[in-house]
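Student: Handing you a structure now.
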Amino acid sequence: MANLHIFEDWCGTSIAQLRKNLHYPLYPHNRTTVKKLAVSPSWTNYGLRIFGYIHPYTDGDFLFAVASDDNSEFWLSDDENPDNLKLRAYVGKTGREWTAPGEYGKYASQISDLIPLQKNNKYFFELIHKQNDKGTDHVEVAWRLKQIGNGFSIIDSKFISLYTKMSGARLLGVLPDCIYNPSYSIKGYPLMRYQGLQFVHLTYVYPNDYTRLTHMENDNKCFYHGNPYYLERYGFSNYIQLDLPENEELVIKYKGTANNECFCGVFKFKDNIRIAFNFLKGIAVEDDNNIIKHENVAHHLQITQHQHQNSSNKASVIAAPSNEEYNSRWGHVNDVRKEKEIQDNAIHIEEVEDGGNEEDSWVNQGFSEEEDYDLTNRVVYDVEVKWCQTFQAKPLDLHALRSDWIDLKCNVSGNLLLEESEALSVVEALMKKLNKKYPRQFSLERIVNIEKKPDYNRGSRYLLELELLEASGRHLRLVQYIYVKRTEDWGSHKKQNAQGEELKLCNPYSFYWNPTATVHFIIPVKNQARWVQQFISDMEEIYRTTGDQNFNVIITDYESTDMNVEQALQNSYLPRYQYLRLSGNFERSAGLQAGIDLITDDHSIVFLCDLHIHFPPGFIDTVRKHCVERHMAFAPIVMRLNCGATPLEPDGYWEVNGFGLLGIYKSDLDSIGGMNTKEFTDRWGGEDWELLDRILQGGLEVERLYLRNFFHHFHSKRGMWNRQMLRNT
């Protein structure tokens, strides 16, 4: 048998006309199989795509021939790899060419050149056919060996086989099905208004997607879970342990007040010249011979006018700051000195009262910065920098300290990170199952993305996005939801893996994402001409970049007067769009609901959108992956750009508490009542949290992820929507 894809109700006679079909070749109306390469449906205005593998019955040089009404093309690869397809024979290109059944000699293009084939190999082929509304529809492919006298014969079921591609929709037969009913579902649970936010949890990702806004942490250090005051004042001193110098020991005794209070002081000299020093109140430093006691005193540098006048007679002895260094930041004392360093030095220390008038001691001295350099008897001391100071620090993994609860006070943190060992163990378990089902057919090329939603009572759900290498050398992308069950003895798969137990992987029943689902972007607008045009341009860029045609732009317009929105859509290169003009004041909820009502396919995805959004190129597919009908909605976290910031210089913060950007299947949205247009009329703010409450009460999950390159532009609110201009008089 071979694969047969059918594209119905499409006019025209040429293959080029078939390729203009928006759904060709990925999204046919029907998928089925045929048992031989000769098909005649007796129908009109359709296109066929037949493909699979040809298995030669012997080694030799083969000729292939094709006949059809109307046009057709026969492609054959040099091996089993579809990437190596070559056009071998065809009937016409203009749409005016056709043949009778079995007529292989009408056009020179119908018969291929000699193609060497081997019996033990298989070769990928593709047969494309287009039929209009006239004539006897048929298409067939025949072959024969090079020898003279051999006639063409239609290729039948003995020599063809199905093409099987790994599908991200489901791994049939690889994993068993299992019931998916997470314990955190709150279907029917009575919620207070806006309480649903407490039941939304973040998702773990692997590898690191670097959504943490590290460039914004100079302004916001909330990621470090410390008191902002102490982080600003003391930095990260408690993260390190200073090493003591070699051959030195710490000898400190505290004596003084009952609390052994530590003080840090700064004495000012005239004209803002300062000498900073640290001291301890009640400190005693001992060596083997001497004890110097300081009780309720402070170092006092006293320079009198008499000393100044007699400076030429004898240099004054000034008490220099000692090597005891009290570090006010770290909250501890580093006093490292060698023994015998303190000798019988007589130091005269006068007691200084707090709050004394500093000016009194400087009267008539005439001290200035210039004179400071002339005082030969005055010694200035600089703080010694310990350039060779080393320290110890333990590896710091702050991600491991985070929980999956949404932290509304921290808007720079980014996605939670899944441990590498856990991610690799799940992938390894899946590859073992895959190789057991398809021996030596697939190998792991790389891990593109893994997402985990933990359920500590029943198990964890994973989204695996893997790049596989087929035995033929072809690269495949596998995107699949799987479930890892919680065992009775162990609460997590990590403990199972540590004990050498095999992980219990399964397919969560009915939890499949649809890679072909249409995504409808709904945007209500009013008098936002430049932003409407920017949005249309951004969606055009997504279409040009990805070629994804399965999306639709719906704009509901509240009587905009600054541009013709409908004309702008008509002039665009968007594959699909809808326009609806509304009257009255701008109402976001009503505008969104009006757009929802335009959608006729209940099994398509609605994305409630904002006008001032910059989308990453793969955004449409990201929405599809994270919306699962009857199970899950998707609320991506957008980064709000600061005033003056751009996507190329993205200063801003994550909008962690906003749920206005939401993807959900239309059937699910209808089941919970749609938008609340009664309470939220010409005001907005809170309608997203109210909708979130109803989504959770309906038994759906809400997936929450930080997305790179997903921005909300900063914009002025002057003149927007229902705001009135106040004129100066």
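Student: Determine the dipole magnitude for region 2-161: charges of +1 sit on the beta-carbon of Lys and Arg, -1 on that of Asp and Glu, nothing else is charged, the reference point is the Cα centre, and the result goes in debye to the nearest 20.
Tutor: 60
Student: Full extension from Arg233 to Ser443: what is 0.36 nm times the residue separation minus their Cα-Cα distance, to one decimal in nm?
Tutor: 70.3 nm
Student: Step through the table entries Lys158/Lys485; Lys409/Lys452; Lys36/Lys437, compare each Cα-Cα distance with 32 Å, and write down the pairs that go over it.
Tutor: From the list (Lys158/Lys485; Lys409/Lys452; Lys36/Lys437), the Cα-Cα distance tops 32 Å for Lys158/Lys485.
Student: Something else now. Let's see if you can work this out: charge +1 on each Lys and Arg Cβ, -1 on each Asp and Glu Cβ, no other charges. What is the dipole magnitude of region 519-712 about its Cα centre, in debye to the nearest 20?
Tutor: Dipole size: approximately 180 debye.
Student: Next up: Around His715, under 12 Å between beta carbons, what's the net of Lys plus Arg minus Asp minus Glu among the other residues?
Tutor: +3
Student: Hey, another quick one. Treating the beta-carbon of each Lys and Arg as +1 and of each Asp and Glu as -1, no other charges, what is the dipole magnitude of region 81-232 about its Cα centre, to the nearest 20 debye?
Tutor: Here the size comes out at about 520 debye.
Student: Okay, next question. Work out Dmax and Rg for region 201-243 from the C-alpha atoms and quote the Rg first, both in angstrom.
Tutor: Using the Cα atoms of region 201-243, the pair Rg, Dmax is 13.8, 42 Å.
Student: Right, another one. Give me D for region 519-712 in µm² s⁻¹, whole number, from Stokes-Einstein with Rh from the Kirkwood sum over alpha-carbon pairs, 37 °C and 0.692 mPa s.
Tutor: Roughly 193 µm²/s, to the nearest whole number.
Student: Please report the projected area of region 549-656's Cα convex hull averaged over all directions, in nm².
Tutor: Averaged projected hull area, Cα only: 8.8 nm².
Student: Take every Cα-Cα pair in region 2-161 and report what % of them are more than 24 Å apart.
Tutor: Everything past 24 Å amounts to 28 percent.
Student: Considering the dipole of region 78-213 built from charges on the beta carbon (Lys and Arg +1, Asp and Glu -1) around the Cα centre, which of Pro182, Ser109, Leu87 is farthest to its positive end?
Tutor: Most positive-ward Cα: Pro182.
Student: A follow-up question, please. Place the peptides 144-151, 618-625, 463-470 in order of packing, highest mean first, counting for every residue the other Cβ atoms within 10 Å and averaging per peptide.
Tutor: Ranking the peptides 144-151, 618-625, 463-470 by packing returns 618-625, 463-470, 144-151.
Any read-out appearing in this document is the output of simple, stated calculations on the displayed coordinates, not a laboratory observation. Every value quoted in this text rests on a predicted model; they were computed, and no experiment measured them. Counting neighbours? That spans all protein chains shown, and the Cβs are built from the backbone with ideal geometry, glycine included.
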